[in-house]
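The values are calculated or read from the model by the stated rules, or taken from the named source; none is laboratory data. Bear in mind that the values here come from a model prediction, so they are computed numbers and not experimental data. Cβ atoms come from the backbone with ideal geometry, glycine included; neighbour counts cover every protein chain shown. Heads up: the accessible areas ignore ligands, DNA and RNA and are worked out on the full protein's heavy atoms, side chains in. Shrake-Rupley method; radii C 1.70, N 1.55, O 1.52, S 1.80 Å.
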Amino acid sequence: MKNQRTTLALATLALAGTLATTAPAWAQVAGGTTTVETAVVESTKIAMGWSVKKTLMGKTIYNETGQKIGKVEDLIIAPDKNVSYLIVGAGGFVGIGRHDVAIPVSQIQDHAGKLIMAGATKDTIKSMPEFTYATDNTKRDAFIAAADKDVADGKAKVADLEKKSTAAAADAKAKIDAQLTVLRADVKSAETKLAEMKQATAARWKEFELGVGAATARLRKSMNTAL
């Protein structure tokens, strides 16, 4: 029964995070970064009511020769929900000196209740970039940078349309001017809401995220529909 639960947990995670292509090779994972924007799930309930924490957390991962590679320390769901990761810890003693890395769940196989990562060794795990949890300030900075870019792109689009309007014939000018009116309003709205977020304390930025996100989404839509 326990083996069936582990198999179900892995199968469900793999289904939820199905990749568009075949799972990448081990070398590709080792060459990438393991710092990701994530939502940490400590006790996720999955299909059929099984708990990931009870079936996967703390389980040892082996390679195909039976060598112990590391232990499952956490489960990560990427923001776009396309890929699930197991945070695997190698080395250390009672958490001291442990090296944590993020492994796509698609690279872990369940063999009769034993978690297998073919081709891996402790050394390859330790050679991978260490996984670090994104801090809230990191998320805020990335969100603000993306919003700033949207506003800058919107202003550039306004300038471009103003040039087109000046040179356009009467009929075309009327259409461009109508788009300019909408685009200017969307730029101003996004810029205002973003300024409010920037003026707030870092601890309160989440209160403004929805409003800024909606404003920049409207702005991007206006830019995409403009001539």
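Here are the numbers for this structure:
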quantity	calculated
Distant-in-sequence amide H partners of Y133 (H built 1.01 Å from N, under 5 Å)	none
Table column - 3J(HN,Hα) (Hz), the range 112-120, Karplus curve with 6.51, -1.76, 1.60, x for Gly and Pro	6, x, 9, 7, 10, 10, 4, x, 8
Label zone at A203 (point 7 Å along Cα-to-Cβ), backbone N below 16 Å, the range 135-157	136-137
S189 accessible area, 1.4 Å probe, all protein chains in place, Å² to nearest 10	30
Phi to ³J(HN,Hα) by Karplus 6.51 cos²θ - 1.76 cosθ + 1.60 over the range 191-205, Hz, x for Gly, Pro	5, 5, 5, 5, 5, 5, 5, 5, 6, 6, 5, 4, 5, 9, 4
Which of Y133, Y85 is most accessible, then next, and so on - probe 1.4 Å	Y133, Y85
Fully extended contour minus Cα-Cα distance, from T138 to A168, at 0.36 nm per residue	6.3 nm
Violating pairs (Cα-Cα greater than 25 angstrom) within the set K71/K139; K164/K198; K59/K126; K155/K193	K71/K139; K164/K198
15 Å Cα-Cα reach of K114 towards aspartates and glutamates, excluding residues that sit fewer than 8 places from it in its own chain	E64
5 angstrom amide H check on A78, placed H, neighbours 5+ away	V83, Y85
Cα-based equivalent ellipsoid, the range 100-227: semi-axes from gyration tensor eigenvalues, Å	47, 20, 12
Calculated FRET value between A145 and E64, using beta carbons and R₀ = 30 Å, to 0.05	0.10
Amide H within-cut-off set for I61, under 5 Å, with H built and near neighbours excluded	I69, G70, K71, V72
